[in-house]
Structure formats: C-alpha cells, structure tokens
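The values are calculated or read from the model by the stated rules, or taken from the named source; none is laboratory data. Note that this is a predicted model, so its numbers are computed, not measured. Neighbour counts run over all protein chains shown; Cβ positions are idealised from the backbone, glycine included.
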Amino acid sequence: MKEKSILKKMGSFKESAILLALILIMLVITIIAPKFMSGRNLYLVARQVSYVVIAGLGVFFIILTGGIDLSVGSVIALAGVVTGKCMELGVNPLLAILFGLIAGAFIGLINGYLVSYVGVAAFIVTLGMMSMARGAVWIITKGWPVSKIDPGFIAFGQGSFMGIPTSVIIMIIIAIISYIILNKTIFGRRVLAIGGNEEATRLSGVDVKKVKLQTYVIGALFASITGILLVARFSSAQSTAGEGWEMDAIAAAVIGGTSLAGGSGTVLGLIIGGAIMGVIRNGLVLMKVSVYWQTFVMGTIIIIAAIVDVMKNRRSN
Amino acid sequence: METNLVEMKKITKHFGGVKALTDVDLDIKRGEIVCLLGENGAGKSTLMKVLTGVYPEYGGEFTMEGSVKHYKGTHDAGHDGIKMIFQELNLCPNLTVAENIYLGSEPKTKAGFINHKLMIKESGKFINQLGLDIDPRHTLSNLPIATQQMVEIIKALISNPKILIMDEPTSSLSSKEIEQLFVIMRKLKENGISIVFISHKLEEVMEITDRVVVLRDGTNIKSIDTKDANHDLLISLMVGRELSSLYTHRTTPPGTEVLFEVKGVSGPPMIKDASFKLHKGEILGFAGLVGAGRTELMKLIYGGVKKNSGEFYMNGKRLDIKQPADAVKAGIAYVPENRKEEAVILEMSIKNNLTMSIHDKVKRLGIFLDKGQEKTITSGYIDQLSIKTPSMFQAIKNLSGGNQQKVVLGKSLAIEPNILILDEPTRGIDVGAKAEVHRIITELADEGLSIILISSELPEVMGSSDRILVMHEGSITGEFNRDEFDQEEIMRAAVKVC
C-alpha cells in the first residue's frame with residue numbers, strides 16, 4: 001500500500017516521465033557496458049553534463065520568454081579566451097574571471113537590446129552574434145590556444161569536493177539560484193508570463209522589453225561560467241571551445257520539457273534533459289558505437305523529445 | 001416568374017447557452033441584391049456562416065435551388081455556388097493577381113506544372129468582363145486596397161457562383177472606389193448572380209440594394225423593399241427595443257469635478273483629434289459600431305499604442321503615458337476587449353493572473369514575490385467579485401468566460417485605479433454573468449471610481465452610463481447626457497446620418 005502511494009506521488013511530478021527515461025537508459029547501458037557504473041566514469045559524465053547544464057540554464061530563461069539564443073557556444077569560447085588572455089597578461093585570476101564574465105554578459109546585452117528594443121528576430125540576431133563572437137575569439141587568439149593559465153585556478157577547476165567535481169558543485173549552486181529566480185522572484189514570474197502571453201503581459205503594465213533584455217544577459221552570463229570552467233578543465237583557453245554547444249544547451253531544455261513556444265519549463269527538467277544527453281553520449285562510447293552513429297542518435301533523441309512535447313500539448317488542449 | 005434561389009427557414013443557432021439566432025427566415029431571389037442590416041451582434045454574420053457551412057450545426061433548414069441542403073463546410077457551399085467574401089482580405093500579397101485568383105485551383109500543364117499562360121489569359125478575361133484595368137501579372141501588394149478587393153471578387157467569380165456574400169466590403173474603400181465596386185455589383189446582378197450585402201452604411205444600402213432584411217437580437221424584424229425604405233425607418237427597425245432590466249442604473253449621481261481630460265488626441269490607426277472629459281465617479285459610455293475607433297482611442301490613452309499628438313490631464317496635471325506601465329502607475333486600469341489575446345495568461349493560475357499588474361505592491365526584499373500577500377489579495381477579490389473556482393491555484397483556462405472576466409476585473413481593481421476602462425466587458429459571457437458584471441460596475445462607480453465603458457450593445461451602454469459619447473470613423477461624433485439618451489439619436493451619430 002505504502003509503495004503505491006509513493007509511486008503515485010512520483011507520477012505527479014512533472015519530471016517523472018523523463019526521470020524514468022533517464023533511469024531506464026542508464027540501466028540499459030549498464031547491462032551492455034557495466035563499466036558505465038564505475039565511479040570514475042560517473043565522475044566524468046557528471047562533469048561533462050554540468051558544463052552543458054550551466055549553459056542550458058542560461059538559455060532556459062530566454063526560451064521561457066519564447067526567445068532563442070544561438071550564440072551560446074561562441075560566448076562560451078569568448079568568455080574563456082578573455083579570461084585566459086587576462087591570466088596570460090598577469091591579471092589577478094579573480095579579476096580575469098570577472099573580465100571573462102563581463103565580456104560574455106556584454107554579448108548578451110547586445111543580443112537582448114537588438115531583440116527587445118530594435119525588434120530583430122532573436123534567431124537572426126543570435127545567429128549573427130554566433131559568428132561575431134566566434135570571430136572575435138579568433139581575432140584575439142589568432143587560432144592559438146591560450147595556455148599560460150593560473151595554476152591555482154586550474155587546480156580549483158579540476159578539483160573536487162567530497163568526491164564531487166567542482167563544476168558539478170557550481171552547477172548545483174546555479175541550478176538552485178535559477179530555481180529561486182524562476183519561482184520566487186518577480187522577474188521569474190514575468191518571464192513565464194511573457195512566454196505565456198506577451199501582449200497580455202505588456203498590457204498588464206510589465207516592462208516586457210526590459211525583462212527580455214535581462215534574460216539574454218543572464219543567458220550569456222551562465223554560458224560564460226561554462227566557458228571559464230572549460231579553461232580550467234583543459235588548462236588552456238581554446239578558440240574552438242563550445243562549438244555546437246548552443247544546440248546541446250537548447251536540446252537539454254527541450255528534452256527536459258521546456259516548451260520552445262515559451263511559458264513552461266522546469267529547472268529540474270532541464271538538468272535531467274542535460275543528463276540524458278550526457279549519459280547517452282557516454283554510453284554510446286562505452287558500447288563502442290561509431291562516432292558517426294553517435295551524432296545520428298543524439299539528433300534522433302532531440303526529435304523524439306520534441307514529438308513527445310507536441311503530443312503532450314495536443315492532449316492537454 | 002421570380003424564383004427563390006435560397007430559402008432559409010426557422011434557422012436557430014446557439015453558442016453554449018447564448019442564442020445567436022432564433023427562427024430566422026431569409027429568402028434570396030435570383031439576381032437580387034439583398035442587404036442584411038442590423039446592429040453588432042444582431043446575427044448577420046452568424047446567419048451567413050450557417051448558409052456557407054462554417055457552422056454545420058444549427059436548427060431549422062434551408063433549400064438551395066429547391067433542394068434541402070446541409071453544408072458541412074465552406075467547400076460544400078462553394079460547390080453549390082455560394083461564395084463569401086470576407087471583411088478582411090484573404091489574399092497572398094506576395095503573389096501576382098493571377099496567382100491569387102487561381103490559388104487552390106491552378107490550371108496545370110501536361111507536365112504537371114502551373115500553366116501560367118492560361119492563368120493570366122483567363123484572369124484577363126474576367127478582369128475585362130468587369131470593365132477593370134488590372135494587369136494580372138502585377139504583384140498584389142503593389143496594388144491599392146480597392147483593387148485587391150476587386151481581385152478577391154474575381155477570385156470568387158472563377159467558379160461561377162450563384163450567390164456572393166459580401167461582408168462589409170466597403171469598409172476600407174474611398175467613395176470613388178465604392179462607386180467602382182457598385183458598378184461591378186450591378187454587372188454581376190445583370191448576369192443573374194445574387195448578392196448578399198452586409199453593411200452598416202445606410203447611404204450605400206439605399207443606393208445599391210433591392211431589398212433590406214433587418215435582424216435584431218438574432219431574430220427577423222422586417223424584410224422591406226429598398227424603394228419603400230428610408231434612413232429613419234431603417235434606424236428604428238435596427239434599434240427598436242425596450243431597455244432590458246439587465247441594466248439597473250445606479251442611484252447615486254456622479255461627481256461634477258473633472259478627474260481626467262483628453263485633449264486633441266490623434267494616433268494610429270485612425271483616431272482624429274479626440275477630446276473629452278471624465279468626471280469623478282462617472283460612468284462614461286462609448287457607443288459606436290465595430291471599427292469606429294473606440295478601442296483604438298483607449299489604447300492610445302492606456303499607452304498600448306503610441307499617440308501622435310494630444311495631451312492627457314489627471315486632476316489638471318499633465319500625464320506622460322508612453323507605455324502601459326505608465327498608465328498603471330497613473331492609476332488607469334484597462335480591461336481589454338479580447339480577453340484571451342490581451343488580458344489573461346491562460347496557463348497561469350488565477351492568483352498569478354490577478355497580481356500581474358501589482359508586482360511592486362507584493363514585493364519582498366526588492367526582488368522577491370510575497371506569496372502570502374498575493375494569496376490574501378487574491379482571495380479578497382475572489383470573495384468580492386464572487387469568482388467561482390475550487391482554488392486560486394487553478395489555471396485560469398479552466399474557468400468559464402464570465403469567471404475569467406471577473407479575474408481580469410480583479411487584476412485591474414488590484415492596482416487601485418482612479419479610472420477603469422472597460423472594453424466590451426460582457427462580450428462572450430452568459431446573461432447571468434453579464435448582469436453580475438453590471439452590478440459590479442455600478443457599485444464601483446458608487447464608490448467613486450470613474451469608469452469608461454465601451455460596448456457595442458446599445459442597451460448596455462444606455463443602461464449603465466451617466467453620459468454617452470459616440471464615435472464614428474475615429475472621431476467623437478456625439479455626446480448625450482442621461483436625460484437625452486435616445487437609441488435612434490445615438491445610432492444616428494454612430495452611422496453619422498444628419
């Protein structure tokens with residue numbers, strides 16, 4: 001009897017279906033490749049997932065308003081390279097990180113301004129910004145990795161606390177902050193409202209443009225955190241860092257049940273969505289599936305998630 | 001012998017509990033131009049949608065050319081030669097005239113490609129027949145609206161229709177273009193095509209139609225030959241009814257001091273030099289036909305659309321309103337006409353909808369929402385407005401229209417406004433909820449709130465207002481104090497017959 005009620009409770013969670021999917025996937029992979037469950041492997045998977053999830057939580061707020069950000073991957077690289085260059089020039093590491101964050105946030109500010117106040121479509125603005133920011137990275141680095149990175153910073157970024165990688169701890173902190181922003185603050189309420197009905201929100205007296213601009217800044221800021229963590233991870237700032245990650249970030253949100261039309265989505269869902277992608281990618285490697293097939297499978301999963309979302313909406317209407 | 005092409009008998013149509021049509025009869029003779037005349041909501045469009053198969057479920061029956069028909073969709077009706085031309089253009093501006101005319105029925109070459117040559121030639125034939133000068137190869141968006149309207153008509157003509165239904169076809173045309181349209185309508189009539197002409201413009205009705213069928217509140221009032229009709233008669237037929245007891249007027253008189261003043265406001269799309277004063281505790285009604293510019297004027301006042309010129313004064317002090325947020329700060333609340341599109345966030349709870357305009361009031365530590373306070377305020381309005389819901393956490397989409405409207409009202413009242421603008425507040429809600437909304441409006445005014453009430457139902461504005469302003473084509477064309485209220489006079493100002 002008691003078990004039943006627990007199951008029932010589980011079923012009432014919005015995220016229960018994808019959580020179940022994640023567990024099933026992990027089971028299947030463990031059966032085929034038992035190495036998956038080893039402590040070392042889980043550590044690597046968790047770390048990889050954390051990078052995507054942090055960037056994903058940024059684009060999450062943008063998607064909730066009904067927008068999109070394709071410049072995530074380039075912002076990851078730019079923030080990393082600015083941080084790395086500063087360290088190379090002997091700037092205090094903390095200041096270097098700050099500069100990296102500012103550089104990233106600045107990109108978000110431009111994105112947000114063009115989308116909200118000038119009225120250009122988000123897809124186009126951020127597509128252009130994807131190239132501009134990546135171009136800026138190449139201009140700064142001329143294509144070479146920046147490798148004179150502060151050793152203390154590397155040690156911190158590659159380290160762990162009670163067996164949990166630093167980046168995972170940072171992901172948890174950012175997830176908690178995101179949860180609070182979304183569910184407890186005026187800003188979060190307004191983000192959801194805009195995604196639900198932008199015109200009604202505007203006519204309610206909400207400064208919709210300002211809120212939308214802020215989501216792009218948050219998005220770029222979170223992507224920058226990922227970018228800076230990656231510098232520590234590779235002990236160098238790479239101009240190719242984050243290439244294609246905008247898709248992983250967006251996919252994490254979609255697989256996690258965030259509606260691309262805006263208005264609905266949860267932080268926990270996004271984390272599980274990111275985990276599903278990370279686990280599958282890792283599992284495919286462990287199961288010795290060819291790299292070509294890996295890419296194919298990842299795409300399939302995104303489309304399946306999108307179909308599930310459409311079916312869900314159709315049923316509720 | 002004249003024969004009836006269409007005979008509609010005892011047509012009845014409900015929307016939920018609302019009766020839109022009750023036992024309506026309509027005959028259409030071959031080669032006749034019939035006008036359907038009536039106020040907004042009289043049932044003209046509904047009747048035509050029954051005829052064209054848009055509403056396949058209705059009571060009563062109709063015959064087309066002697067046999068009983070029951071169309072399941074516009075396609076069926078089109079097949080039998082009944083075509084409707086809608087008020088808004090249903091064309092693709094990026095395509096050419098010929099491509100628009102043949103959209104959906106493109107002639108094909110043997111190889112299966114579109115036969116452009118044939119399409120252009122055939123389009124040209126129709127254009128010539130109507131004595132028009134349009135190049136079928138031109139892109140539609142480069143042509144004036146009137147020409148586009150002609151294209152819409154030609155598009156309907158290629159399938160050899162027997163009846164054309166035109167829903168306010170002249171609303172966006174200049175007087176010269178209207179003449180052009182009438183020439184074509186007469187030509188079609190000569191060719192034996194019947195036309196149902198829906199319009200509010202009495203001059204046009206008198207000029208072009210053979211017969212006028214007046215509807216009111218979803219029932220037949222009269223069918224009269226146009227040559228026996230005149231403006232006064234038609235107006236009295238349109239409005240002639242008793243004020244219903246739905247609208248109980250308030251007992252306390254409004255204040256005399258001016259609270260809010262609008263001076264010479266002009267702005268998009270067509271508001272010209274509008275000025276009026278609103279007194280404290282007054283219910284100021286705005287009457288007019290759909291499209292007269294009442295909603296548009298309110299949007300300028302509320303900051304939903306930017307005005308070009310003009311000023312607002314609150315208590316004699318000038319107000320600068322650039323966006324809705326400024327209006328809310330100044331204590332102006334607006335309940336929009338389109339609830340679903342402009343007022344509610346369907347997926348959100350009643351509570352979250354209701355507090356949408358007062359985030360600054362339920363703030364904690366600068367950025368957080370004080371959910372306790374939100375709950376207190378929400379349950380206060382749920383009680384005051386008797387909103388029927390199991391819980392304030394219920395998504396608003398699960399409520400009935402009337403209860404949704406009360407939530408929107410609560411949202412507006414929560415900002416503790418000086419002025420409440422209500423745009424068609426009872427549209428799409430049932431009679432019971434309507435009476436309740438009116439009771440609430442009266443109570444609020446008695447408590448000293450100034451209210452602007454827009455309604456297209458004359459009895460509603462007349463029943464509730466202390467004073468009525470009438471708008472016509474973007475301008476204020478009439479002002480009536482309560483002791484001068486007269487349905488016919490107001491309708492005259494609304495259709496601008498002097």
Of the conditions (1) within 11 Å of chain B (Cβ to nearest Cβ); (2) crowded, with 23+ Cβ neighbours inside 10 Å; (3) touching a residue at least 40 places away in the same chain (Cβ under 8 Å), A:A249 fails just one. Which one is it?
-> (1)
Mind counting the residues in segment B:338-363 that are at pLDDT below 95, more than 9 Å from chain A (Cβ to nearest Cβ) and farther than 21 Å from B:G303 by Cβ?
-> 0
Among A:I124, A:I164, which is the only one that is within 21 Å of A:I54 (Cβ to Cβ) and either touching a residue at least 12 places away in the same chain (Cβ under 8 Å) or among the β-branched types (V, I, T) (or both)?
-> A:I164
Is it true that some residue in segment B:429-442 is polar (S, T, N, Q) and closer than 18 Å to B:S275 by Cβ?
-> no
Kindly list, by first and then second residue, each pair from a residue in segment A:180-203 that is more than 13 Å from A:G265 (Cα to Cα) and facing chain B (nearest Cβ under 8 Å) to a residue that is of a type in the set (F, W, Y) and not in a helix (DSSP H, G or I), limited to pairs with Cβ atoms under 6 Å and residues at least 6 apart or on different chains.
-> A:K184/B:F368; A:T185/B:F368
Of the conditions (1) buried (at least 20 other Cβ atoms within 10 Å of the Cβ); (2) closer than 30 Å to A:Y43 by Cα, A:I170 fails just one. Which one is it?
-> (1)
Can you name every residue in segment B:314-337 that is surrounded by fewer than 21 Cβ atoms within 10 Å (Cβ to Cβ) and within 9 Å of another protein chain (Cβ to nearest Cβ)?
-> B:Q323, B:A325, B:D326, B:K329
Kindly provide the set of residues from segment B:399-443 that are over 22 Å from B:E282 (Cβ atoms), more than 14 Å from chain A (Cβ to nearest Cβ) and either among the hydrophobic types (A, V, I, L, M, F, W, C) or free of Cβ contacts under 8 Å to residues at least 60 places away in the same chain (or both), ordered by number.
-> B:L399, B:S400, B:G402, B:N403, B:K406, B:I429, B:V431, B:G432, B:A433
In segment A:113-131, what residues are surrounded by fewer than 19 Cβ atoms within 10 Å (Cβ to Cβ), more than 19 Å from the chain's Cα centre (by Cα) and aliphatic (A, V, I, L, M)?
-> A:V118, A:V120, A:A121, A:I124
Can you tell which of B:L289, B:L300, B:L278 is surrounded by 15 or more Cβ atoms within 10 Å (Cβ to Cβ), within 14 Å of chain A (Cβ to nearest Cβ) and among the hydrophobic types (A, V, I, L, M, F, W, C)?
-> B:L300
Among the helices (runs of 4 or more DSSP H) lying completely within segment A:144-209, list those that include at least 3 residues that are among the aliphatic types (A, V, I, L, M), touching a strand residue (DSSP E or B) at 6+ places or on another chain (Cβ under 6 Å) and at positive phi.
-> none
Take segment B:349-395 and flag every residue that is under 19 Å from A:G195 (Cα atoms), among the hydroxyl-bearing types (S, T, Y) and assigned to a loop (DSSP other than H, G, I, E, B).
-> B:T355, B:S357
Complete set of residues in segment B:247-288 that are outside any loop (DSSP other than H, G, I, E, B) and charged (D, E, K, R) | B:E261, B:K263, B:K272, B:D273, B:K277
Mind checking which strands (runs of 3 or more DSSP E) fall wholly inside segment B:52-132 and carry at least 3 residues that are without any contact (Cβ under 8 Å) to a residue 24 or more places away in the chain?
-> B:67-69
From the list B:N398, B:N315, B:N403, which one is within 18 Å of A:G196 (Cα to Cα) and polar (S, T, N, Q)?
-> B:N398
If you scan segment B:444-473, which residues turn out to be of a type in the set (S, T, N, Q) and either at pLDDT 90 or above or under 9 Å from B:I283 (Cβ atoms) (or both)?
-> B:S450, B:S464, B:S465
